[in-house]
Amino acid sequence: MTEPAAVPALSGTQGAILAAYAELIEELGSDDVSYRVIARRAGIAERTVFRNYPTRVDLLLATAAWIEATLFAREESHSIFDIPLAIRDAMQRYDARPELAHVVAETAMRGVSGAAPSPGRAQLERLLDAEVPSLDAAQRRAVIAALSHLDSVGTWVTFHREFGMDRRDIADAAGWAAEAVLDSIRDRVTPA
Amino acid sequence: MEEPVDTATAILASAAVLLRERSFDDISYRALADEVGISERTIYRQYPTRAHLLAALSNWLEQTCFPLAPFVTVSDFCAAVHERFRAFDASPAYAYVGARASAISPTLDTEQAYITRAIEAMLDVSAPTLNRRDRRRVSASLRYFSSAMFWARLRTGFDLDADEICDAFDRAVGTVLARLPHTTWAEPIAGRPGVTWAEP
């Protein structure tokens, strides 16, 4: 497991709890893991887990955020036209940790009480506004929404489950779709 | 909704009633048992884990609340998806259950969703000469942009309403289809969405 350095708000104990829970999800699935087992794996008292994460939903959302920030962390893209590459890389990482991929995908689909479903939105907007500022509001929104949707673990889950695709095929199809979205703005970059 | 005929369905119907006032996570097996008037044990027998319950509930809600209009052409496909997104907007609690269920690790032998098979059949007829890899890329993209996940992401992450989500969907479909040569299509696609926009 990677050190949870990318989530600075966490205490060492919290990082240990989330890493332990993520490990156990991979071994047992997210439904069957008790606080007692998590505490034992993290080497702390059960009441410490409760004090940090009073409910299972709290624990699950924190774990999903931790997984995104550490195990599924990605290199920052410097151009909107690099996003398809980042998407291909991300799909490979999801494919290596299928159980965790499902957990992250599901927590983002809970509405306002769940995890933020488009954590990369601000970054995509920044890149698009810098490179292709001439889009009207609806075009801009559509490009950001489509790329944000493709650059998520939901893509891996859907392509895997609905089409039985393997790692290469998923990375290929997701990258291809992102290139399709970019086709409409490819030659509209503001000259430097 | 119709009168439930068996215990498994009665449980789902009661869960749907409870979903109107609380989230799926706040529906305990205890409360569900009280609502149906059966023992908690009976619910565990039908749905051993909450993931089983979520998957079954999503399937049932899909059939009863979000039926998909049949489609053969791309424009009918888009119309059917618009109708669905509007139905999601009218019953968001149910739609989120669908989005969640499609993201969890499959509990049973999950088969392909109806919409996936329908999209593949549409491409078989409309683009019979398209090579296999591009066919999969296109069907996977169309499937993913027409999903409850797309609706949920745009509603929660972008605060969009059904009309705006339909617009974003049309544009996404337009960009995907615009990647294929015009000769791909057995018949020209009338009013292919997004294409006029794709050509500045």
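The values are calculated or read from the model by the stated rules, or taken from the named source; none is laboratory data. None of these values were measured; they are calculated from a predicted model. As a convention, Cβ positions derive from the backbone with ideal geometry for all residues, glycine included, and neighbour counts pool all protein chains shown.
Before moving on, here are some points about what is shown:
- Unique residue being over 27 Å from A:V33 (Cα atoms), charged (D, E, K, R) and part of a loop (DSSP other than H, G, I, E, B) when the list is B:E83, B:E62, B:E21: B:E21
- Exactly one residue out of B:A152, B:A140, B:A168, B:A103 is assigned to a helix (DSSP H, G or I) and touching a residue at least 24 places away in the same chain (Cβ under 8 Å): that is B:A152.
- Residues of the stretch B:171-184 that are touching a residue at least 40 places away in the same chain (Cβ under 8 Å) and among the hydrophobic types (A, V, I, L, M, F, W, C): B:V173, B:L177, B:L180.
- Unmet requirement for A:M109, which otherwise passes all of (1) more than 8 Å from every other protein chain (Cβ to nearest Cβ); (2) surrounded by 22 or more Cβ atoms within 10 Å (Cβ to Cβ); (3) aliphatic (A, V, I, L, M): (1)
Residues checked against (1) out of contact with any helix residue (DSSP H, G or I) (no Cβ under 9 Å at 6 or more places or on another chain); (2) more than 14 Å from chain B (Cβ to nearest Cβ); (3) surrounded by 15 or more Cβ atoms within 10 Å (Cβ to Cβ):
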site	(1), (2), (3)
A:A42	no, yes, yes
A:T48	no, yes, yes
A:N52	no, yes, yes
A:T55	no, no, no
A:L59	no, no, yes
A:T70	no, yes, yes
A:R74	no, yes, no
A:H78	no, yes, no
A:A96	no, yes, no
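- Residue match in the stretch A:138-155 (condition: in contact with an Asp or Glu (Cβ under 7 Å, 6 or more places away or on another chain), touching a residue at least 60 places away in the same chain (Cβ under 8 Å) and not aliphatic (A, V, I, L, M)): no
- Scope the stretch B:110-137; condition farther than 16 Å from B:A95 by Cβ and in a loop (DSSP other than H, G, I, E, B); matching residues: B:T110, B:E111, B:Q112, B:A127, B:P128, B:T129, B:L130, B:N131
- Of residues in the stretch A:117-142 being part of a loop (DSSP other than H, G, I, E, B) and among the small types (G, A, S), the one nearest to B:A152 (Cα to Cα): A:S118
- If you go through the stretch B:103-128 and keep only what is over 15 Å from B:L177 (Cβ atoms), among the polar types (S, T, N, Q) and more than 7 Å from chain A (Cβ to nearest Cβ), you end up with just B:T107.
- Among the residues making up the stretch A:148-170, a single one is more than 18 Å from A:V104 (Cα to Cα) and aliphatic (A, V, I, L, M): A:M165.
- Enumeration of residues in the stretch A:115-147 that are facing chain B (nearest Cβ under 7 Å), under 18 Å from A:F72 (Cα atoms) and surrounded by 20 or more Cβ atoms within 10 Å (Cβ to Cβ): A:P117, A:S118
- Test: residue in the stretch A:69-83 that is farther than 29 Å from B:A93 by Cβ, part of a helix (DSSP H, G or I) and without any contact (Cβ under 8 Å) to a residue 24 or more places away in the chain: yes
- Of the residues in the stretch A:85-94, not one is surrounded by 17 or more Cβ atoms within 10 Å (Cβ to Cβ), modelled with pLDDT of 95 or more, part of a loop (DSSP other than H, G, I, E, B) and within 14 Å of the chain's Cα centre (by Cα).
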